[in-house]
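Working notes, structure below.
The values are calculated or read from the model by the stated rules, or taken from the named source; none is laboratory data. It should be emphasised that the depicted structure is a prediction, and the values quoted were computed from it without experimental measurement. Just the protein is used for accessible areas: all its heavy atoms, side chains included, with ligands, DNA and RNA removed. Shrake-Rupley method; radii C 1.70, N 1.55, O 1.52, S 1.80 Å.
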Amino acid sequence: MTTTSEPDLDEVMAELAALEDPRILAVNERHGDDHGVNLTTLRGVAKRIKKNQSFAEELWATGDSAARLLALLICRPKEFSGGQLDAMLREARTRKVHDWLVGYVVMKGPHAEQLRLEWLGDPDPVVAAAGWALTADRVVKKPDGLDLSGLLDAIEAEMADAHERLQWEMNTCLAQIGIHHPDLRPRALEIGERLGVLRDYPTPAGCTSPYVPEWIGEMVRRGEG
């Protein structure tokens, strides 16, 4: 496709359609996604287009997951309003789009804390999961002002029976508290062991298990090594 100063939506959508691989799609569908584009290739398309907020918004509006992932790579996170991001999250039902929106855009913009507080208690578990993802990020990067013991109380009471997406992010938060806050590590380990969330999660060789006692133990060992 010929590169122009302003990308053409129809041309880019046709390019994305041509990049769809049925084998990738089959794998992604098992993980809650609905696109079949190789993500390294997609990043190459984004690098060629470069940052372009208006075109990112056009891509997002198509509703196509590959186009939305591309949008998240070329957008400028600081140019979204909090209301836009809230609406986008509620539209982003596939896992990869949801994760990239939170990790690549919300966390890098000025509305992260406002949205974290709004989303944490949302009745939609997928929206609440985003609130917990932002909380886990803050546990690591800016814990001052967080009620870490209160977070552990909520995790202890709610994680075992939570929706899988919400459970995953609460589990991540539990692990990060245990990894980065040694005074709370014994309690985080005890909660993780007693609840047993993700104890049997299939973990490829060379990767760290998301089961909290193993996750904390491995990261602490690395830090001490």
Just to check I understand the Karplus step: with θ = phi - 60° and J = 6.51 cos²θ - 1.76 cosθ + 1.60, what whole-Hz values come out for region 28-44, glycine and proline as x? 5, 4, 5, 10, x, 10, 9, 10, x, 9, 4, 6, 5, 5, 4, 5, x
For region 161-178, just list the computed ³J(HN,Hα) in residue order, Karplus coefficients 6.51, -1.76 and 1.60, θ = phi - 60°, integers in Hz, with x standing in for Gly and Pro. 9, 6, 3, 4, 5, 5, 4, 4, 6, 5, 4, 4, 4, 4, 4, 5, 4, x
Provide the per-residue ³J(HN,Hα) series for region 57-70, in order, calculated from phi with Karplus coefficients 6.51, -1.76, 1.60 and θ = phi - 60°, each as a whole number of Hz, with x at glycine and proline positions. 5, 5, 4, 4, 5, 5, x, 7, 5, 4, 5, 5, 5, 4
Heavy-atom accessible area of MET13, protein chains in place, probe 1.4 angstrom, given in Å² to nearest 10, is 50 Å²
Please calculate how many Å² of accessible area the chain carries per residue, with a 1.4 Å probe and no DNA, RNA or ligand atoms counted. 51 Å²
With a ≥ b ≥ c from the Cα gyration tensor eigenvalues, square-rooted, and the rule rounded for a/c under 1.5, otherwise prolate when a/b > b/c and oblate otherwise, region 1-93 is oblate
Below 8 Å between Cα atoms, with a sequence gap of 6+, how large is the relative contact order for region 1-98 in percent? 25 percent
Taking Cα centroids, how far is region 80-123 from region 153-225 in Å? 23 Å
Using a 1.4 Å probe, how large is the accessible area of SER81, given in Å² and rounded to the nearest 10? 50 Å²
If you take the C-alpha gyration tensor of the chain, multiply each eigenvalue by 5 and take the square root, what semi-axes do you get, largest first, in whole Å? 34, 20, 16
What is the percent carbon and sulfur in the accessible area of the chain, measuring with a 1.4 Å probe over the protein chains and ignoring ligands? 51 percent
Can you give the accessible area of ARG90 in Å² (nearest 10), computed on protein heavy atoms with a 1.4 Å probe? 90 Å²
Output the 0 to 90 degree angle, nearest 10, between the alpha-carbon long axis of helix 125-141 and the longest principal axis computed from the alpha carbons of the chain. 70 degrees
